[in-house]
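Contents: one structure, followed by commentary.
Values quoted throughout were computed directly from the atomic coordinates according to the rules given, and no laboratory measurement underlies them. For clarity, every value in this text was computed on a predicted model and none was experimentally measured. Methodologically, a virtual Cβ is constructed for each residue, glycine included, from the backbone with ideal geometry; neighbour enumeration extends over all protein chains shown.
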Ligand code: HSE
């Protein structure tokens, strides 16, 4: 009758995989509770950690819960509380964490009626309601955990990719505003074929590296020649952070989702600590507030 869950923050795109790849952070995310009530319907009774609407018709979690109860009518209601563990608008899938968390939590109270793929579809409704586009990269990573590939949108097909045990994420979230909608407007409408070839070859290389624990292949493939060049001007000191991260041992660095968070991947805790300090240094004394993240996947 009562359930408390953790719903992870996620890094979408992961450099070469625009709108197709996502990964879930093990230690950053939201805490949500779900309580069965006698009164039918969905109520969001408390939101802490961020200023978000509690009207279930416009809240990412509420939209998802309402859609699920419509599909699977029951004779009880559900109260939801949300504690945001990180800032919305960071590029770490904040609405996705709420949407995916709601899909997972409500499903438990419905006796596990829906499959992970169906939960991803419900969670996409939350993304659509809050960001305008039903993108699946963040929500699929949050639902399935680890690394995911959105192999197809129509029909929706999600592939869970294995994660090498020593892979770590270090990220910096500069507190500047980058709206996903704006960050999508700066993207090229057409891509030259030779750039497309480079990009999809890198996606293949990255996936292969993840399957075979080939950190060098992961490093070689972790580039984005299409989206990152068009967006990086939206993120202060992006090139410097990337350069310092690579110097400190990162396998690669890029924009997390549509930004402004800059993520890096690396092998092992010691290297992660080094990268953490190196990229923290690049922002010190720069008059921009920032948060640091270090997490397993
Ligand atoms: N993949 C999206 C983008 C953001 O880069 O615009 C996250 O869903």
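For this structure, a couple of remarks:
- Computed from the C-alpha gyration tensor, the three semi-axes of the ellipsoid equivalent to the stretch 168-239 are 25, 19, 9 Å, from longest to shortest.
- Helix-only mean residue ellipticity at 222 nm for the chain, each DSSP H run of n ≥ 4 adding -39500 (n - 2.57), per residue, nearest 500: -11500 deg cm²/dmol
- In the chain, the longest principal axis of the Cα atoms and the axis of helix 60-71 are about 50 degrees apart.
- Contact order normalised by residue count of the stretch 155-297, Cα under 8 Å, 6+ apart, percent: 39 percent
- 0 to 90° range, to nearest 10: angle between helix 269-283 axis and the chain longest Cα axis: 80 degrees
- Angle between the chain longest axis and helix 193-212 axis [Cα atoms, degrees, rounded to 10]: 70 degrees
- Normalised by 2.2 N^0.38 Å, where N is the number of residues, the alpha-carbon radius of gyration of the stretch 45-103 equals 1.13.
- Using C-alpha pairs below 8 Å separated by at least 6 residues, the relative contact order for the chain is 22 percent.
- Normalising by residue count, the chain has a Cα convex hull of 121 Å³ per residue.
- Value of relative contact order over the stretch 245-297, rounded to a whole percent, pairs C-alpha under 8 Å and six or more apart: 30 percent
- Whole-number D in µm² s⁻¹ for the stretch 162-297, Kirkwood Cα-pair radius fed into Stokes-Einstein, 25 °C, 0.890 mPa s: 159 µm²/s
- Per-residue Cβ neighbour rank within 10 angstrom, fewest leading, 160, 4: 4, 160
- Full-extension gain in nm, residue 4 to residue 287, via 0.36 nm per residue minus C-alpha separation: 98.1 nm
- As a calculated quantity, the FRET efficiency between residue 113 and residue 38 at R0 = 25 Å, using C-beta atoms, amounts to about 0.75.
- Peptides 242-254, 146-158 ordered by average Cβ neighbours within 10 Å, highest first: 242-254, 146-158
- Sorted by Cβ density within 10 Å, fewest first, the residues 184, 168: 184, 168
- Between the stretch 236-259 and the stretch 1-73, the alpha-carbon centres lie 29 Å apart.
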